[in-house]
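The values are calculated or read from the model by the stated rules, or taken from the named source; none is laboratory data. Computed from a predicted model, the values in this text were never measured in an experiment. Positions of Cβ are backbone-derived with ideal geometry, glycine not excepted, and every protein chain shown enters the neighbour counts. Calculation scope for accessible area: heavy atoms of the full protein, side chains included, ligands and nucleic acids excluded. Shrake-Rupley method; radii C 1.70, N 1.55, O 1.52, S 1.80 Å.
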Amino acid sequence: MSPMADFHAPKGVPDYYPPTSTQFFAVREALQNAARRAGYQPIELPVFEDTRLFARGVGESTDVVSKEMYTFADKGDRSVTLRPEGTAGVMRAVIEHGLDRGQLPVKLYYAGPFFRYEQPQAGRYRQLQQVGIEAIGVDDPALDAEVIAVADEGFRAVGLTGFRLDLTSLGDAQCRPAYRERLQSFLLGLDLDDDTVARARLNPLRVLDDKRPHIRAMVADAPLMMDHLCDDCATHFAAVRASLDALGVAYELAPRLVRGLDYYTRTTFEFVHPGLGAQSGIGGGGRYDGLMAQLGGQALSGIGFGIGVDRTVLAAAAEHVQVAPTARCEVYGIPLGAGEQGALVTVAGELRRAGVRVDLAYGGRKLKSAMKAADAAGARWVLLLGDRELAVGEVTVRDMESGDQESVPLAAVAGVLVQRLRRA
Ligand code: HAM
């Protein structure tokens, strides 16, 4: 950061700039490609919505809604909120545009920024980037497994291997209320501090996720949802596990897994990367079978995930995985005099139309500094054009790996380089 700058990005908000921005975009693209390969279609939604959508959809008792939302009144005095997550907005759009009246499941993916007023630290930002998918309207356990497999394949396409998948079932409206009461009475029988008692009253499941060692010890024998699933939920969960096994997706059962959003039912999961320290959750999701009805739509089921692109980029760095090519261009053209620029501009145009990444030395740079720029750009081939060569219709092609040079007819050079790059 330059001390001369008058302005800075808002606290906790990352900029993505070269050279590392290429990693960010390549990771995001790889994650979206995994969704496309499974038949998900893109959806692009507003970054702000009616505040009530998140209050009702995500849950008033969650930290995300009660503490972390960027909420303000617009000039028409409507309360709007920068979206803290994507699922509520997708459900709003699906209901509003009647997408749930067509073929089911509705399979959608999205990518973009989300906003949470959290305490910034490594891997935790106030503007975070996610790639997410949602599959709405079919309650088939094989679909749960597909959603999880898409995330798993996305991470693998990025090149990650050192992550883990935590899996549980949170039950449903049939079995969760009775379990919740059982857990609550267990917790209220313990000698807990006032804050924790308040949490046990509001959302007892969160106490199971408490990281403090003395609380952990006290809740070691707490009843677990997975042991109190109703028959339907137990059957569904067994089928999800069988599908994951069939797909070859490894997981660990995590009966104490608690998510930060209220809408989850049944299958719930998190991808964790131990190389990331405290902010190790690289993606998470699950079923949200009551959400659509809660937002005024049909009583349809849904399942999806959100992957943190920022954290996936950090995980790739932790595993020393290079996701994007480091080279900014493949060919770099250097005119040795003002008269040669036009001919190289023409060649650059031909190459770019053929899909080759080409840059030129502009501003009459001296040969030495232009060669340095070609090197920094990572170019495989450099084109050197002087007046004598131009006069005979040739150009010097320099192989930056071997240092070999040769003369090639100007009219043929684009075709020759395209062939060589295809072979490489
Ligand atoms: P979430 O677990 O709140 O789920 O967020 C998904 C992912 O976003 C996290 O696993 C993490 O990688 C990333 N993330 C969250 N907060 C931050 C932050 N402050 N800084 C950097 N990365 C962050 C959801 O948002 C759900 N909408 C996912 C979902 C879709 N469930 C069903 N469908």
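Residues of region 366-424 that are at pLDDT 95 or above, open to solvent by 70 Å² or more (accessible area, probe 1.4 Å), within 24 Å of PRO325 (Cβ to Cβ) and part of a helix (DSSP H, G or I): LYS372, ASP375, ALA376, GLN419. Exactly one residue among LEU183, LEU192 is open to solvent by less than 90 Å² (accessible area, probe 1.4 Å), outside the structural domain of SER61 (by TED's automatic domain parsing), more than 30 Å from ILE148 (Cβ to Cβ) and more than 32 Å from the chain's Cα centre (by Cα), and that residue is LEU192.
Could you list, in sequence order, all residues of region 183-202 that are touching a residue at least 60 places away in the same chain (Cβ under 8 Å) and touching a helix residue (DSSP H, G or I) at 6+ places or on another chain (Cβ under 9 Å)? The answer is none; no residue qualifies. Only residues that are in contact (Cβ under 8 Å) with a residue 24 or more places away in the chain and within 18 Å of the chain's Cα centre (by Cα) were counted across region 122-156, and they come to 24.
Quick check on region 88-110: of everything there that is more than 12 Å from the ligand (Cβ to nearest atom) and among the small types (Gly, Ala, Ser), which residue is most open to solvent (accessible area, probe 1.4 Å)? Here the answer is GLY102.
Identify the residue in region 140-162 that is part of a loop (DSSP other than H, G, I, E, B) and away from the ligand (no atom under 15 Å from the Cβ) and, among all such residues, is most open to solvent (accessible area, probe 1.4 Å). For region 140-162, the residue satisfying everything is THR161. Looking at region 111-123, can you tell me whether even one residue there is in the same structural domain as PRO274 (by TED's automatic domain parsing), near the ligand (Cβ under 10 Å from one of its atoms), touching a Pro at 6+ places or on another chain (Cβ under 8 Å) and in a strand (DSSP E or B)? Taking every residue of region 111-123 in turn, at least one turns out to be in the same structural domain as PRO274 (by TED's automatic domain parsing), near the ligand (Cβ under 10 Å from one of its atoms), touching a Pro at 6+ places or on another chain (Cβ under 8 Å) and in a strand (DSSP E or B). You will find that of GLU340, GLU350, the residue that is out of contact with any Asp or Glu (no Cβ under 7 Å at 6 or more places or on another chain) and of a type in the set (Asp, Glu) is GLU350 and no other.
Go through region 337-362 and give me each residue that's assigned to a loop (DSSP other than H, G, I, E, B) and open to solvent by 70 Å² or more (accessible area, probe 1.4 Å). Steps first, answer last, please.
Going through region 337-362, the residues assigned to a loop (DSSP other than H, G, I, E, B) turn out to be 337, 354-357, 361-362.
If the condition is that a residue be assigned to a loop (DSSP other than H, G, I, E, B) and open to solvent by 70 Å² or more (accessible area, probe 1.4 Å), then ARG357, TYR362 are the ones that fit.
Selection over region 266-276 of residues that are modelled with pLDDT of 95 or more and more than 11 Å from the ligand (Cβ to nearest atom) gives a count of 2.
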